[in-house]
Amino acid sequence: MKLSYQMYEAAHLAVAPARAWSDATGSWFRNPFNPLAYTDIGRNVAAASELFERATRRYGKPHFGLKRTTVDGHVVPVTERVVWERPFCRVIRFERNGEVPAVARAKLLVVAPMSGHYATLLRGTVEAFLPTHDVHVTDWTDARMVPIAVGHFDLDDYIDYLMAMCRFLGDGGPLHTLGVCQPAVPLIAAAALMGAAGDPLAPASMTLMGGPIDTRRSPTAVNKLAQDRGTEWFRDHCLEVVPLPYPGAGRAVYPGFLQLSGFMAMNMDRHVNAHHDMFRHLVKGDGDAAEKHRDFYDEYMAVMDLTAEFYMQTIETVFVRHALPRGEMVHRGRPVDLGAIRRTALMTVEGEKDDISGVGQTSAALELCGSIPDAMKRQYTQADVGHYGVFNGSRFRREIAPRITDFTRFVDAAAGLGQAPSALTGV
C-alpha cells in the first residue's frame, strides 16, 4: 500500500510550528505600533512570512459569498439554499428575494466539474447568470469526508445523480443545463439516456463548455498523457487511501493534492512569477494587487479528493478508450446513444487557447448529436482565452455569458415559453 497520503499529512503537521512562528513574525512586522513595520527590512520580513504561511497552509472549502445581484436595474438580495442532497453531492439554489421579472426566471443548473476543485471555482459563472436565471449549482462532496460505509461512487453514479437532478428541477418548468469541462461527458450521457427513455423531464437545453467530448481532436498535453500512459499507470501511481482521522478513512481516492500538483506543474513559471509579484506588491504596500492574488490562490489551492472508482472509470472511458465519440459508451449495461437526443437543444463553447480541452473537442458533440435539429444547435469559440477564461473573467462576462443567455431564451421562445431575443448575432 502506498503511503503518500500519510506522508503528505505528516509533512503538513511537521511544518506547523514553523508556520505558527512565521505567522506570528509577520503579524509583528505588520503591526502599526512597531516602528520596524515602516522600514524596508520590516516590509520584506512581513512579506516573506505571509508567503511562507500561505505556501504551507491547508486551504479549506471556500464560500460562494454571493449576497446580491441586479435584476432589471434593481438590487436583489441573494440567499443560498440546499434543495437536493445525496451523500456525494448537493444542489444549491441561489434564491433571489423579492419580485423577479418573468424573463429572469429561466431555471439553470450549472454542473460544476468534479476534478479536484470545489464548485466555488465557478463563483464568477454563477454570478454572471444570477441576473437572468434561477441558478442552481452542483456542490460535489470531498470524497475524504464521506464514510466508506456509504458505498462507492463512479461515473455511472455521477450520471444517475445528474438524471435525478434533472427530474427534480425539471418538474414544474423547463430546465437549462450548463456543464463546465469534466461534466460535459456525463451531462450529455444523461441527456441521451433520458432521451432514449422518452423522459419528459429531460433538460430543455445543455451548454457544454471546454469539455472532453472527443479528446482525439486537438489533443493537449493532458490528453496525450492519458493516452500514452494507459489506465494501469494511473491506477498504480495516482490512487491513495484516505488516512485517519478523516471520516472517509479507508476509502480509495485520487487525492486533491496530486491533482493540484499536476495543475501547477503545467504552468510552474506562471505560478512562481505570480508569487514573486505578490512579494513585490506586499513590500511596496500595493494592497489591491496583493488581495487579488490572495483571492485567486485561496480558491486555486483549495482541493478535494475524488473516489478512485470515479477517477479510473473517467480516465478509461473518456481519455483512453474515447468510448463516447466511438459510440461504445455504456451506462449500467445500456448503450449511450447520442442520436437519442432529439428535444434537448445543444450549445458548445470553446476557448481558442484552451490547453486542457483543445479546440474541437467540445464542438464534436454537435456532430455526434445528429438528431437535434440544426436550428437548435449553436457553437461559439472565444478568441484569446484559455481554459479558465471559458467560464470566468471579463471576456466570459462580456462575450460568452450573454450568448448563453440568448440561447436559453431562444430555446424557451421556440417552445412558446417566452420572447425570442431580437438577434443571436455571433452565437
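Here are some notes:
- Count of residues meeting criterion [surrounded by 14 or more Cβ atoms within 10 Å (Cβ to Cβ), within 15 Å of residue 285 (Cβ to Cβ) and without any contact (Cβ under 8 Å) to a residue 40 or more places away in the chain] in the range 37-55: 3
- Being in a helix (DSSP H, G or I) and of a type in the set (Asp, Glu) holds for only one residue in 139, 157, and it is 157.
- Among the residues making up the range 74-93, those that are surrounded by fewer than 16 Cβ atoms within 10 Å (Cβ to Cβ), in a strand (DSSP E or B) and not acidic (Asp, Glu) are 74, 75, 77, 79, 81, 82, 83, 86.
- When the residues of the range 364-392 are filtered to those that are crowded, with 16+ Cβ neighbours inside 10 Å and small (Gly, Ala, Ser), the one that is nearest to residue 218 (Cα to Cα) is 364.
- Applying the criterion of being at pLDDT 95 or above and among the small types (Gly, Ala, Ser) to the residues of the range 135-189, the residue that is farthest from residue 406 (Cα to Cα) is 149.
- Matching residues in the range 262-290 - criterion: being assigned to a helix (DSSP H, G or I) and loosely packed, with under 12 Cβ neighbours inside 10 Å: 265, 268, 269, 270, 272, 273, 276, 287, 288
- Residue among 294, 326, 342 that alone is touching a Ser or Thr at 6+ places or on another chain (Cβ under 8 Å) and either of a type in the set (D, E, K, R) or part of a loop (DSSP other than H, G, I, E, B) (or both): 342
- Test set (1) touching a Lys or Arg at 6+ places or on another chain (Cβ under 6 Å); (2) part of a helix (DSSP H, G or I); (3) surrounded by fewer than 18 Cβ atoms within 10 Å (Cβ to Cβ) - residue 167 fails condition number: (1)
- When restricted to residues that are among the basic types (Lys, Arg) and assigned to a strand (DSSP E or B), the range 297-323 contains 0.
- Close pairs from the range 56-83: first at pLDDT below 95, partner basic (Lys, Arg) and not in a strand (DSSP E or B), Cβ under 6 Å, at least 6 apart: 56/19
The values are calculated or read from the model by the stated rules, or taken from the named source; none is laboratory data. Not measured: the values here are computed from a predicted model. Cβ sites come from the backbone with ideal geometry, for glycine too, and all protein chains shown count toward neighbours.
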